Amino acid sequence: MAAVMIQGTGSDVGKSVLVAGLCRALANRGLRVRPFKPQNMSNNAAVTSDGGEIGRAQATQALACRVPASVDMNPVLLKPQGDRTSQLVVRGQVRGTLGSARWREREGLLGEVLESYRRLAADADIVVVEGAGSPAETNLRAGDIANMGFARAAGVPVVLAGDIDRGGVIAALVGTHAVIDAADAAMIHGFLINKFRGDPALFAEGMTTIAARTGWPGLGIVPWLAPARRLPSEDAVVLERPAAAGAGRVVIACPITPRIANFDDLDPLRLEPGVEVIMVPPGQPIPDAALIVLAGSKATIADLAFLRAEGWDIDILAHHRRGRPVLGLCGGYQMLGRSVADPQGIEGPAGTVAGLGLLDVETVLGGDKTLTQVSGEALGEPFTGYEIHLGRTIGADAARPVGRLADGRGEGAMSADGLVAGSYVHGLLGLAAQRAAWLARIGVAARGPDHHADVDAALDEIAATLEAHVDLAAILAIAQRAA
């Protein structure tokens with residue numbers, strides 16, 4: 001079998017994008033490629049064809065390989081739901097909660113991780129593996145299954161990527177070599193420089209310095225990949241980046257709560273030249289907007305309390321009184337109702353809290369988690385997407401559904417005045433016609449493409465750039481060294 005693992009000198013160095021681009025470049029060469037990430041931590045998830053959930057990045061990487069996403073592509077997913085706890089998802093299904101005191105118990109999952117990897121490898125010419133965080137986090141090395149713990153157990157050679165845009169890339173790469181043990185360092189067979197702006201020739205001496213101090217060959221300098229901004233977001237760190245101002249655009253605002261999830265649902269709106277999406281950080285009021293969107297949440301009740309503490313509930317209610325629409329997606333839909341009940345204490349202390357009261361519905365958390373791909377029609381136009389939520393929502397406004405699923409069941413809820421809508425469908429705005437129907441409600445004539453088609457085109461653009469700037473022949477040779 002052939003396999004290569006892309007690890008990074010830190011978080012947000014671009015590992016997910018590099019893996020996606022490599023997957024598409026190799027698939028374009030006619031190879032059967034599969035993506036793999038042993039352990040991910042993200043509240044942006046996707047539903048797979050085999051009925052589980054995995055990290056959003058692995059679903060995008062599956063698209064890059066032109067294959068359906070499966071739970072084996074991301075066998076361990078940690079979904080943060082508190083400062084020190086995460087929901088543990090193993091091979092697509094919830095298996096409980098993992099706290100900081102039990103963090104080293106992840107090592108017990110290595111066997112299942114290796115099983116998933118081997119199943120993928122048996123059906124592929126090459127597996128492209130993504131690490132998590134950095135192997136230089138030596139305090140986490142014991143029990144590691146995300147980086148060198150996996151690489152050594154599976155016999156997968158590593159390419160280490162550094163982010164030159166943040167500065168200090170020479171120190172990051174050389175420092176990684178200095179702090180990891182010799183057996184881990186021996187797994188690394190080359191390095192990449194990512195996010196380079198300007199003339200790569202200016203960094204030729206830097207490449208020589210890194211190679212001399214580490215013994216690893218340089219495999220390429222990847223320029224700043226502008227198309228990467230068109231890929232679905234996975235890491236919440238992107239929310240810290242300010243949005244570009246857009247004079248004359250219609251504003252759509254979304255508040256950033258601590259456990260915001262699947263905020264990539266708003267990505268399709270960025271395809272519209274007449275729209276400016278503003279992600280509102282804590283400490284700032286929701287600006288004057290044509291539409292407010294409440295995104296999903298990993299902890300609806302806690303995020304609802306945070307929303308109130310920020311005074312955003314006042315902003316939302318005032319926005320509605322001015323006759324302007326509100327759209328809630330998944331957890332945001334639950335917040336818009338009259339109440340959210342958690343009788344089993346799934347998210348925290350058992351109890352019931354008042355919602356924003358803009359929809360005549362009530363939500364009860366509990367039961368089996370809904371994980372399903374869906375399609376249907378809303379506002380007279382088709383949609384495709386998936387549902388991934390815990391709890392059921394019922395009430396008078398649910399009898400006035402936003403749309404209908406393919407099997408005829410009503411989906412979501414609409415207020416009597418038509419201004420407030422809630423839906424459990426992630427990816428609702430992906431198809432151009434569906435997005436146009438929603439934007440028409442705020443006076444915007446949509447002109448953007450289907451989001452899926454735009455992501456696919458971005459993957460091809462990234463792959464072409466990697467073909468031009470990375471020694472793919474050398475990476476393929478490294479992959480052949482896999483056990």
| request: Only residues that are touching a residue at least 40 places away in the same chain (Cβ under 8 Å), open to solvent by 50 Å² or more (accessible area, probe 1.4 Å) and closer than 14 Å to Gly395 by Cβ: list them for segment 339-365, please. | output: Asp360
| task | Filter segment 415-433 for residues that are of a type in the set (A, V, I, L, M) and more than 28 Å from the chain's Cα centre (by Cα) and give the result. | result | Ala416, Leu419
| field | Test result for Thr176, out of contact with any strand residue (DSSP E or B) (no Cβ under 6 Å at 6 or more places or on another chain), in contact (Cβ under 8 Å) with a residue 24 or more places away in the chain and open to solvent by less than 10 Å² (accessible area, probe 1.4 Å) | value | yes
| task | Test each condition in (1) assigned to a helix (DSSP H, G or I); (2) in contact (Cβ under 8 Å) with a residue 24 or more places away in the chain for Pro287 and report the one that comes out false. | result | (1)
| query | Which ones in segment 414-444 are assigned to a helix (DSSP H, G or I) and open to solvent by less than 10 Å² (accessible area, probe 1.4 Å)? | reply | Gln434, Arg435, Leu439
| request: Keeping to segment 318-333, report how many residues are part of a loop (DSSP other than H, G, I, E, B) and surrounded by fewer than 22 Cβ atoms within 10 Å (Cβ to Cβ). | output: 4
| request: With the checklist (1) touching a residue at least 24 places away in the same chain (Cβ under 8 Å); (2) among the hydroxyl-bearing types (Ser, Thr, Tyr); (3) surrounded by fewer than 19 Cβ atoms within 10 Å (Cβ to Cβ) in hand, flag the one item Thr214 doesn't pass. | output: (3)
| Subset of segment 391-413 that is crowded, with 21+ Cβ neighbours inside 10 Å and out of contact with any helix residue (DSSP H, G or I) (no Cβ under 6 Å at 6 or more places or on another chain) - its residue that is modelled with the lowest pLDDT | Gly391
| said: Any residue at all in segment 340-347 that's touching a helix residue (DSSP H, G or I) at 6+ places or on another chain (Cβ under 7 Å), at negative phi and assigned to a loop (DSSP other than H, G, I, E, B)? | reply: yes
| task | Name the single residue, out of those in segment 1-38 being over 18 Å from Met73 (Cβ atoms) and polar (S, T, N, Q), that is most open to solvent (accessible area, probe 1.4 Å). | result | Asn28
| query | For Leu472, are the conditions met, namely being crowded, with 16+ Cβ neighbours inside 10 Å and either closer than 30 Å to Gly198 by Cβ or free of Cβ contacts under 8 Å to residues at least 60 places away in the same chain (or both)? | reply | yes
| message | Among the residues in segment 450-467, are any without any contact (Cβ under 8 Å) to a residue 24 or more places away in the chain and not in a helix (DSSP H, G or I)? | response | yes
| If we only count helices (runs of 4 or more DSSP H) wholly inside segment 106-189, which ones have 2 or more residues that are charged (D, E, K, R) and more than 23 Å from the chain's Cα centre (by Cα)? | 110-122
| query | Taking segment 227-249 only, how many residues are open to solvent by 30 Å² or more (accessible area, probe 1.4 Å) and either among the basic types (Lys, Arg) or modelled with pLDDT of 95 or more (or both)? | reply | 4
| query | How many of the residues making up segment 149-162 are in contact with a Ser or Thr (Cβ under 8 Å, 6 or more places away or on another chain) and open to solvent by 10 Å² or more (accessible area, probe 1.4 Å)? | reply | 0
| note | Flagged in segment 48-78 as open to solvent by less than 10 Å² (accessible area, probe 1.4 Å) and within 20 Å of Lys369 (Cβ to Cβ), in numbering order, are Thr48, Gly52, Glu53, Ile54, Gly55, Gln58, Met73, Asn74, Pro75, Val76, Leu77, Leu78
| query | Under the condition of being β-branched (Val, Ile, Thr) and modelled with pLDDT of 95 or more, which residue from segment 311-356 is farthest from Val293 (Cα to Cα)? | reply | Thr352
| query | From Leu269, Leu336, Leu294, Leu307, which residue is open to solvent by less than 10 Å² (accessible area, probe 1.4 Å) and either without any contact (Cβ under 8 Å) to a residue 12 or more places away in the chain or over 30 Å from Arg447 (Cα atoms) (or both)? | reply | Leu307
| task | Please determine, by comparing only the residues of segment 117-148 that are charged (D, E, K, R) and over 28 Å from Val174 (Cβ atoms), which one is most open to solvent (accessible area, probe 1.4 Å). | result | Arg118
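The values are calculated or read from the model by the stated rules, or taken from the named source; none is laboratory data. Just so it is clear, the model here is predicted, and its values are computed rather than measured. Virtual Cβ from ideal backbone geometry, glycine too; neighbours counted across all protein chains shown. All accessible areas refer to the heavy atoms of the entire protein, side chains included, with ligands and DNA or RNA removed. Shrake-Rupley method; radii C 1.70, N 1.55, O 1.52, S 1.80 Å.
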